[in-house]
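These notes concern the structure reproduced below.
The values are calculated or read from the model by the stated rules, or taken from the named source; none is laboratory data. Keep in mind it's a predicted model, so treat the numbers as computed, not measured. Every residue, glycine as well, gets a Cβ built from its backbone with ideal geometry; the counts of neighbours run over all protein chains shown.
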Amino acid sequence: MKKRFYTPEAEACFPLYANTVGLAEPQEPRYRPQGLGAHQIMLVNEGSGILEVGTKQYDLHAGDVFFLKKNVPHSYYGTAADFSTSWISFDGEGVGLLLSYYGVTAPVVFCAQYHGKFEQKLSSLHKIFDSDIGIPALMLGAYDCVIGFFDDAFRSERTQTEIIKGFLERHFAEPLTLEDIFAECKYSKSKLSRDFKKKYGETVFDMLTRIRLSNAKKQMEEDPTLKVKDVALSCGFQDCSYFCRMYKRAFGKSPKGDRA
């Protein structure tokens, strides 16, 4: 296994960076009740094993790849003597946006008999990981490796509901209507509304309101001098009184009270 450490300044400058990489190494059992402090993508090179995440269990075989979010309790172990894996662990400010774009809401993404180029890209990164090459080149290699996996894994699997969720997260500040939100949908609004509620447990507009409120709270925490009306408008609320009511319902305090 190869490790790499970065200064806080370097971590702040780049949206994604790799902490460790491993290439076709014998895999010892891992039991992590607190999870790992970084995100991880792992390929099974040889043998077989078991991955356990919460109440779910996955049978692992050569050619399988899985992604685990950081800080998610899990374990994996071999059921054959030749169990070996390749992996990258990574983190960064941009990982959350990347997961949002691809609609990754579950703690694990499992791809049986993955056919992408993850191993090839990881091999290229592995060759330069502990060299004197500059940090930007390392960041670029890590980003290519990670985003390549997600692009392959979700290219044909992103559902309409996940596309809509990503749209809400990108356009929450705009005065959206159902027609705006569903403009690129391939099927009826009524069906999408039902599928969305079933998948996420809330309506499209409930999620939109929650996203807007979350961003409003973040803005006021970062800059307490902002006017409540300005925050409301910047997060898509056209009525300041309605914003204040919804804010208090969500967080138990009015916007002004929350900053007191």
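Can you name every residue in segment 1-26 that is part of a strand (DSSP E or B) and in contact with a Phe, Trp or Tyr (Cβ under 9 Å, 6 or more places away or on another chain)?
Matches in segment 1-26: Lys2, Lys3, Tyr17, Ala18, Asn19, Thr20, Val21, Gly22, Leu23, Glu25, Pro26.
For Ser156, are the conditions met, namely being part of a loop (DSSP other than H, G, I, E, B) and either polar (S, T, N, Q) or at pLDDT 90 or above (or both)?
yes
Restricting attention to segment 204-217, does a residue exist that is assigned by TED's automatic domain parsing to the domain that holds Arg245 and either part of a loop (DSSP other than H, G, I, E, B) or at pLDDT below 85 (or both)?
No, segment 204-217 has no match at all.
Being assigned to a loop (DSSP other than H, G, I, E, B), of a type in the set (A, V, I, L, M, F, W, C) and modelled with pLDDT under 85 is the filter here, so list the residues in segment 161-196 that pass it.
Phe182, Ala183, Cys185
Of everything in segment 79-94, what is more than 30 Å from Ala10 (Cβ to Cβ) and not hydroxyl-bearing (Ser, Thr, Tyr)? Give them in sequence order.
Within segment 79-94, Ala80, Ala81, Asp82, Phe83 meet the criteria.
Among Phe150, Phe67, Phe129, which is closer than 21 Å to Met1 by Cβ, modelled with pLDDT of 90 or more and not charged (D, E, K, R)?
After ruling out the rest, the residue left standing is Phe67.
Can you tell me which condition Met42 does not meet? The list is (1) over 16 Å from Ser75 (Cα atoms); (2) in a strand (DSSP E or B), and all the others hold.
It is condition (1) that Met42 fails.
So, in segment 93-121, of the ones that are within 17 Å of Val44 (Cβ to Cβ) and under 18 Å from the mean Cα position of the chain (by Cα), which residue ends up surrounded by the most Cβ atoms within 10 Å (Cβ to Cβ)?
Phe118
To keep it simple, each residue is scored yes or no on (1) among the β-branched types (Val, Ile, Thr); (2) over 18 Å from Ser123 (Cα atoms); (3) loosely packed, with under 15 Cβ neighbours inside 10 Å.
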residue: Leu23; (1), (2), (3): no, no, no
residue: Arg30; (1), (2), (3): no, yes, yes
residue: Ile41; (1), (2), (3): yes, no, no
residue: Asn71; (1), (2), (3): no, yes, yes
residue: Gly78; (1), (2), (3): no, yes, no
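Are any residues in segment 123-145 outside any helix (DSSP H, G or I) and surrounded by fewer than 20 Cβ atoms within 10 Å (Cβ to Cβ), and if so, which ones?
Asp130, Ser131, Asp132, Ile133, Gly134
Quick grid of which residues meet (1) within 20 Å of Phe118 (Cβ to Cβ); (2) of a type in the set (D, E, K, R); (3) in the same structural domain as Asp91 (by TED's automatic domain parsing); (4) in contact with a strand residue (DSSP E or B) (Cβ under 9 Å, 6 or more places away or on another chain):
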| site | (1), (2), (3), (4) |
| --- | --- |
| Gly22 | yes, no, yes, yes |
| Gln27 | yes, no, yes, yes |
| Pro33 | no, no, yes, yes |
| Leu36 | yes, no, yes, yes |
| Leu43 | yes, no, yes, yes |
| Thr55 | no, no, yes, no |
| Asp59 | yes, yes, yes, yes |
| Ala62 | yes, no, yes, yes |
| Lys70 | yes, yes, yes, yes |
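Can you tell me which residue in segment 219-260 is surrounded by the fewest Cβ atoms within 10 Å (Cβ to Cβ), limited to those that are touching a residue at least 24 places away in the same chain (Cβ under 8 Å) and of a type in the set (Phe, Trp, Tyr)?
It comes out as Phe251.
Which members of segment 119-147 meet the condition of being in contact (Cβ under 8 Å) with a residue 40 or more places away in the chain and of a type in the set (Val, Ile, Thr)?
Hits for segment 119-147 are Ile135, Val146, Ile147.
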